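Student: Take a look at the following structure, please.
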Amino acid sequence: MNKIILLLSFLFLSQFSMAQEGSFDPDDEFAKAREMAFNGKRNEAIETLKKVVAKYPTYGDVRLFLASVYGWEDKYKLAREEYEILLEQDNADRNYWIGYIKNELYSEQAMSALDLARQALILLPNDVDLVLLKARAEKNNNNLSEASETVKEFLKIEPDNVAAKEFLSSLKEDMATNTISISFSGNHFSEIYDPMLYSSLSYSKDTKIGGIVGRLNVNRKFDTYGSQIEIDAYPSITEGLYAYLNVGYSKSTIFPTFRYGAQLYKSLPKSFEVSVGIRSLKYTEYTNIYTGSIGKYFGNSFITFVPYFIPSDEGWSKSGTLTYRSYGANGDQFLAVSVGLGFSPEINRFGLDPLNEPTIDLKSQKLGISKSFRIKNNNNVAGIGISASRQESIFDPGEFIFITSLTLSYSLSY
């Protein structure tokens, strides 16, 4: 009996000793970790903080400091994971949003930072720190006019805010409102057609109401050279709502005599964006193209689908393009992949029976990839794109023509 009592006493004391070894005061450990982090012992601080959040997962201040230390060590991905946990626990804490947005800015993920700032301002409107972080993300994304408008709108609410005034003043010094761009591209056909060449020269100007672009296009198709002039405008209507307007003219037969375009874009909650629009081209008669888009931001990426519908006497031509775009430090630096499918009804005028001209659906598919990047300094942007497509031949339905394309572009802002 005594042996049993001794054995039970030993087991109890062992369990009590283990429990004592595994217990600690989280506040004391937090204080130790802070001291270590500020004295250059960041790895030791990280291990201590990880131990605390493992046992006390809802201790927000500890996890927030852990995310900050990760950021100091350039471990932005690990910091991002901690901020995601914090926002799942409490998405109304402004410090969590501020820390997360700064982490994305430090890691040069301006698109992700902008997306987070938009989400935060829905929950915490007119918070000056969040407003300025949004403007900073827009600036880092090379959208200086948008950054300026963000701060100006805030100053209408708080006209005496010193931080906003100083940011706006420094922003004006950085704003380049003029851009000159040039691009060249060519299409090579596997049969029937000779190569087609395209080039354009454009000048754009940022204004108070939005961007305006003038463009000269010079193309070579079917052994014929032609030119076209166009004007684009991107007026900002209100926060999250802007438009695209286009008008063009040409005397050449390889361009439409007139072209018009209009589209309305709207930002929606949860980082969605939608649009609806129309294009109208006049050759011998007008052809209308109905289009739109639906897209969503995922952190530093954007995916969008754009459909096109063209009515004719033979029916509706239907096509669509799905594009995935991954941004770098800003909107000028990206990698894009696109996939397109199309169906176009045509009268088969090349059949054996001239009295029977059945309508056929010509099919097409396209795959493209493009890369845009900055060179020399932030005002120089270069781009390259390649694509491959197959188009069903109107001369021989069921057979396909293969088309390869290459595009080069360069722009200078000042």
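Student: For the chain, what is the calculated [θ] at 222 nm in deg cm²/dmol (nearest 500), taking -39500 (n - 2.57) for each run of four or more DSSP H residues and dividing by its residue count? Spell out each step's value before the answer.
Tutor: Working: 10 runs with 142 residues, N = 414.
Here the helix-only value at 222 nm equals -11000 deg cm²/dmol.
Student: Hey, another quick one. Could you give me the ³J(HN,Hα) list for the range 75-83, computed from phi with Karplus coefficients 6.51, -1.76, 1.60 and θ = phi - 60°, whole Hz, x at Gly and Pro?
Tutor: Rounded to whole hertz, the list is 9, 5, 5, 5, 4, 4, 5, 5, 5.
Student: Here's a follow-up. Please list, in chain and number order, the residues 5+ apart from Gly211 or on another chain whose amide H is under 5 Å from its amide H, with Hs placed from the backbone.
Tutor: Here Tyr234 satisfy the definition.
Student: Let me check against my output: what whole-number percent is the relative contact order of the range 72-137, with C-alpha pairs under 8 Å and at least 6 apart? Numbers along the way, then the final one.
Tutor: On the way: 56 pairs, mean separation 18.8, N = 66.
Dividing the mean separation by the residue count of the range 72-137 yields 28 percent.
Student: If you build a Gaussian network model of the chain, linking Cα atoms that sit under 10 Å apart, which residue out of Phe305, Phe334, Phe30 swings the most?
Tutor: Of Phe305, Phe334, Phe30, the most mobile in the Gaussian network model is Phe30.
Student: Then there's this: For the modelled label position 7 Å from the Cα of Asp194 along Cα-to-Cβ, which residues of the range 391-410 have backbone nitrogen atoms closer than 20 Å?
Tutor: 402-406
Student: Before anything else, pin down the relative contact order of the range 36-114: Cα pairs under 8 Å, at least 6 apart, normalised by residue count, whole percent. Write out the running numbers ahead of the final one.
Tutor: Values: 69 pairs, mean separation 16.0, N = 79.
Relative contact order, the range 36-114: 20 percent.
Student: Which residues in the range 213-241 have a backbone N closer than 19 Å to a point placed 7 Å from the Cα of Phe395 along the Cα-to-Cβ line?
Tutor: The answer is 221-224.
Student: Which one of Ile182, Gly71, Ala113 has its Cα pushed farthest toward the positive end of the charge dipole of the range 64-199, where Lys and Arg give +1 and Asp and Glu give -1 at the Cβ?
Tutor: Of the options given, the answer is Ile182.
Student: Would you calculate the separation in nanometres between label points at Ile85 and Phe184, each defined as 7 Å from the Cα along the Cα-to-beta-carbon direction?
Tutor: Between Ile85 and Phe184, the label points sit 5.4 nm apart.
Student: Fully extended, how many nm does the chain gain between Val274 and Phe402 (0.36 nm per residue separation, minus their Cα-Cα distance)?
Tutor: 42.8 nm
Student: Suppose R0 equals 22 Å. What FRET efficiency, 1/(1 + (r/R0)^6) with r the Cβ-Cβ distance, do Ile294 and Glu108 give to the nearest 0.05? Working shown, then result.
Tutor: On the way: r = 28 Å, r/R0 = 1.28.
The value I calculate is 0.20.
Student: Same structure, new question: Rounded to whole Hz and in sequence order, give me ³J(HN,Hα) for the range 255-270 from the Karplus expression 6.51 cos²θ - 1.76 cosθ + 1.60, θ = phi - 60°, writing x for Gly and Pro.
Tutor: Running phi through 6.51 cos²θ - 1.76 cosθ + 1.60 with θ = phi - 60° gives 10, x, 4, 10, 9, 9, x, 8, 8, 10, 10, 9, 7, 10, x, 6 Hz.
Student: While we're looking at this one, here's another question. What is the local net charge at Ser338, summed over the other residues whose Cβ is closer than 13 Å to its Cβ (Lys, Arg +1; Asp, Glu -1)? Present the calculation step by step, with values, prior to reporting the outcome.
Tutor: Working: positive: Arg325, Lys366, Lys371; negative: none.
Summing Lys/Arg as +1 and Asp/Glu as -1 gives +3.
Student: With springs only between Cα atoms under 10 Å, which of Tyr308, Tyr193, Tyr100 fluctuates most in a Gaussian network model of the chain?
Tutor: For the chain, modelled as a Gaussian network with Cα springs under 10 Å, the answer is Tyr193.
Student: Near the amide H of Phe298, under 5 Å away, which other amide H atoms are found, from residues 5 or more places off or on another chain, if H is placed in the peptide plane?
Tutor: Ile303
Student: What part of the accessible area of the chain, given as a whole %, is carbon or sulfur when the probe is 1.4 angstrom?
Tutor: Numbers: 13890 of 23850 Å².
Roughly 58 percent of what the probe reaches on the chain is carbon or sulfur.
Student: Now, a different point. I need the phi-derived Karplus couplings for the range 236-251: 6.51 cos²θ - 1.76 cosθ + 1.60, θ = phi - 60°, integer Hz, Gly and Pro marked x.
Tutor: 8, 8, 7, 4, x, 9, 9, 10, 10, 10, 8, 9, x, 8, 7, 9
Student: Work out how much length Tyr308 to Glu285 would gain on full extension: take 0.36 nm times their residue separation and subtract the Cα-Cα distance, in nm to one decimal. Walk me through the numbers before you get to the answer.
Tutor: Numbers: separation 23, 0.36 × 23 = 8.28 nm, distance 1.91 nm.
Result: 6.4 nm gained on full extension.
Student: Between Ser252 and Leu264, what is 0.36 nm times their sequence separation minus the Cα-Cα distance? Round to one decimal in nm. Present the calculation step by step, with values, prior to reporting the outcome.
Tutor: On the way: separation 12, 0.36 × 12 = 4.32 nm, distance 2.97 nm.
Result for the pair: 1.4 nm of gain on full extension.
Student: Just the number: Rg to Rh for the range 185-227, Cα atoms, Kirkwood Rh, two decimals.
Tutor: Working: Rg = 15.2 Å, Rh = 12.4 Å.
Result for the range 185-227 is an Rg/Rh of 1.23.
Student: Still on this structure, please answer the following. For the range 125-274, give the magnitude of the charge dipole about the Cα centre (Cβ charges: +1 Lys/Arg, -1 Asp/Glu; no others), in debye to the nearest 20.
Tutor: Details: 16 positive and 19 negative charges, 89 e Å.
Rounded to the nearest 20 debye, it is 420 debye.
Student: Still on this model: For Lys165 and Thr58, FRET efficiency with R0 = 60 Å and r from the beta-carbon atoms, rounded to 0.05?
Tutor: On the way: r = 39 Å, r/R0 = 0.65.
Result of the calculation: an efficiency of 0.95.
Student: Here is a follow-up. Looking at [x] 229; [y] 163; [z] 147, which value of volume of the Cα convex hull per residue in Å³ comes from a calculation on the structure shown?
Tutor: The calculated read-out lines up with [x].
Student: While we're here: Within the range 182-198, list the residues whose amide N lies under 20 Å from a label point set 7 Å along Cα→Cβ of Ile375.
Tutor: Counting only backbone N, you get 182-186, 198.
Student: State, to one decimal in nm, how far the label point of Ser326 lies from the label point of Arg220, with both points 7 Å from Cα in the Cβ direction.
Tutor: Going by the 7 Å Cα→Cβ label model, 3.7 nm.
Student: For Gln333, what residues show an amide H to amide H distance below 5 Å, using hydrogens built from the backbone and excluding near sequence neighbours?
Tutor: Answer set, sorted by chain and number: Gly328.
Student: To the nearest 20 debye, what charge dipole does the chain have about its Cα centre, counting +1 at the Cβ of each Lys and Arg and -1 at the Cβ of each Asp and Glu? Please report the intermediate quantities before stating the final value.
Tutor: Values: 43 positive and 50 negative charges, 105 e Å.
Taking the Cα centre of the chain as origin, the dipole is about 500 debye.
The values are calculated or read from the model by the stated rules, or taken from the named source; none is laboratory data. Worth saying up front: this structure is predicted, and the values here are computed from it rather than measured. Backbone-built Cβ (ideal geometry, glycine too); neighbour counts: all protein chains shown. Calculation scope for accessible area: heavy atoms of the full protein, side chains included, ligands and nucleic acids excluded. Shrake-Rupley method; radii C 1.70, N 1.55, O 1.52, S 1.80 Å.
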